[in-house]
Amino acid sequence: MKSHRLLSMMLLLQTRHQMTALELAEELGVSVRTVLRDVVALADADVPVFAERGRYGGVVLLPGSQLDVSKLSPTEVDALKLLGLDTGQARQLGIDSLTRSAQMKIASRRPQGRQLELPLSELIVVDNTPWFSPMPSAAGVAELARNLQSGRRLRIHYRRSAERGASWHTVDPYGLLAKSGRWYLVADIDRVPKLYSLQRLEGWDVLPEVRRLRPNATLASVSRDLSTAVENRGDMTIIATLSKDRLDLARRILGSRLASSKPADADHVEITVIYDQVESVRQLLQFGAHLRVTSPPEARAVMRDVATAMAALY
């Protein structure tokens, strides 16, 4: 619907201030020609939006222009209640009171009178805490978020997962990513994007220099690319047989690492698991006697050696 598309365009421009016609077309799922026609339609309706030509041009919404939230439809208001952080993450950021205030304001927009359907926001709860795990500590997340608002570079004291001690690195931060109950700093180091777990971030300094981000790179796009790279990382294929009644547990524990499963016999399934290195096969030890690695030989050797060492302990 055109009216919904125009509203979406205004929201995008209000958030990012300036976007190319191609970027808008990709976000809205239309052609560049349609975007340009919509810009003209908005301008004819006295919306302060215009297109700038040239290499650094784009579609611009004049500063100070704000979208009237009262124009949101009831279903859009309902959708807004479901988006964003859960209460635990809002508390870590120090914005839980602001979140409650915003929720009350949105709730006041609820239409009066008889409703034929229950709103989705009353039927869905968002909880990003991992199963069988308390909300991980992310000390300083609120302070870090405030420092990131300065748009400056950071010098971080960070311990990589394979290192015993932390070291200093200068990074250009995009912002914070909340994923699966954990916080990550998304930043470029020497123009290469990285994810830094806040659990291993031991300190940071805000530098006087303005951050230098790559052209057309945003927090959303960089986070998406990094998440995809993490999930697709791996060239070690493990084949194993698993008790059929443990398949649901394997799906929950292994996630995207579980590439496939198929029946092996009446009581077992054959599963394919993808890791980035053979030593990661140790994760499968938690299935005990319900799982047997069948290939490759080097993975079987790791399982045998670890099992032998464990048996010696007991």
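The values are calculated or read from the model by the stated rules, or taken from the named source; none is laboratory data. Source: prediction; values computed, not measured. Cβ placement follows ideal geometry from the backbone for every residue including glycine, while neighbour counts extend to all protein chains displayed.
Quick look at the values:
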quantity	calculated
Candidate set: the stretch 153-182, residues that are modelled with pLDDT under 90 and assigned to a strand (DSSP E or B); chosen: the one farthest from ARG252 (Cα to Cα)	ALA178
Of all residues in the stretch 14-38 being touching a helix residue (DSSP H, G or I) at 6+ places or on another chain (Cβ under 8 Å) and buried (at least 17 other Cβ atoms within 10 Å of the Cβ), the one that is farthest from PRO215 (Cα to Cα)	ASP38
Contacts under 7 angstrom Cβ, first residue in the stretch 205-222 being without any contact (Cβ under 8 Å) to a residue 60 or more places away in the chain, partner in a loop (DSSP other than H, G, I, E, B), 6 or more apart	VAL206/SER150; VAL210/GLY151; ARG214/ARG191
Filter result (under 17 Å from ASN147 (Cβ atoms) and either under 19 Å from the mean Cα position of the chain (by Cα) or buried (at least 18 other Cβ atoms within 10 Å of the Cβ) (or both)) within the stretch 200-212	LEU201, TRP204
Listing of strands (runs of 3 or more DSSP E) fully contained in the stretch 216-314 that carry 3 or more residues being touching a Phe, Trp or Tyr at 6+ places or on another chain (Cβ under 8 Å) and more than 30 Å from ASP172 (Cβ to Cβ)	236-243
Test: residue in the stretch 181-199 that is of a type in the set (Lys, Arg), touching a Lys or Arg at 6+ places or on another chain (Cβ under 7 Å) and loosely packed, with under 14 Cβ neighbours inside 10 Å	yes
Residue ID - modelled with the highest pLDDT, chosen from residues in the stretch 73-92 that are more than 29 Å from ALA145 (Cα to Cα) and in contact with a helix residue (DSSP H, G or I) (Cβ under 9 Å, 6 or more places away or on another chain)	THR75
Residues satisfying the stated conditions in the stretch 93-122, i.e. of a type in the set (A, V, I, L, M), surrounded by fewer than 10 Cβ atoms within 10 Å (Cβ to Cβ) and either assigned to a helix (DSSP H, G or I) or at pLDDT 65 or above (or both)	MET104, LEU118
So GLY234, is it at positive phi and modelled with pLDDT under 90	yes
Residue within the stretch 194-212 that is under 23 Å from ASP96 (Cβ atoms), among the aliphatic types (A, V, I, L, M) and at pLDDT 90 or above present	yes
Candidate set: the stretch 256-314, residues that are free of Cβ contacts under 8 Å to residues at least 12 places away in the same chain and of a type in the set (Asp, Glu); chosen: the one farthest from MET236 (Cα to Cα)	ASP265
Hey, LEU247 under 20 Å from the mean Cα position of the chain (by Cα) and of a type in the set (A, V, I, L, M, F, W, C) or not	no
Selected residue (only one of ARG300, ARG304, ARG246 is of a type in the set (D, E, K, R) and loosely packed, with under 13 Cβ neighbours inside 10 Å)	ARG304
